[in-house]
Amino acid sequence: MAQKAYKVGLKDGKIAIEGVDDFSIDIEDPKLNVGKLYSALFAGIDEPTTISLEPATELKQDRKAFSFFESLKKIVDGACEKMNPGLVDIAKKSEGLDADDVTKRS
């Protein structure tokens, strides 16, 4: 499965995804343009893909911005689950395998 990881930070009072143009969320007037989000992250994906968003340090330090980031992350995670229906099962199996590995080592 393909993976894409993006760092999300603050730039000029807006939440921005590093390396992605034409998508931002203004902290003072937060509006999500779903079309721009789709174009920025999902357009052109033609195989099962996981997309992860990681907050930059400055984003974590701004409570309001971090709250918006968490909402954005939930939206992206939900879209990935819809696009990759087996993804949740794969993640659960992976977590179970990790737990089994720890148990076996003990």
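None of the figures in this text is laboratory data; all of them are computed from the coordinates on show. All values reported here derive from a predicted model rather than from experimental measurement. Using ideal geometry, Cβ is built from the backbone for each residue, glycine included, and neighbour counts are taken over all protein chains shown.
Here are some notes:
- Within segment 68-81, the residues that satisfy the criterion of being of a type in the set (A, V, I, L, M, F, W, C) and either surrounded by fewer than 17 Cβ atoms within 10 Å (Cβ to Cβ) or without any contact (Cβ under 8 Å) to a residue 60 or more places away in the chain (or both) are Phe68, Ile75, Val76, Ala79, Cys80.
- Scope segment 1-39; condition surrounded by 15 or more Cβ atoms within 10 Å (Cβ to Cβ) and of a type in the set (Phe, Trp, Tyr); matching residues: Tyr6, Phe23
- Whichever residue in segment 40-67 is touching a residue at least 40 places away in the same chain (Cβ under 8 Å), under 28 Å from Ala2 (Cβ atoms) and among the small types (Gly, Ala, Ser) and, among such residues, is surrounded by the fewest Cβ atoms within 10 Å (Cβ to Cβ): Ser52
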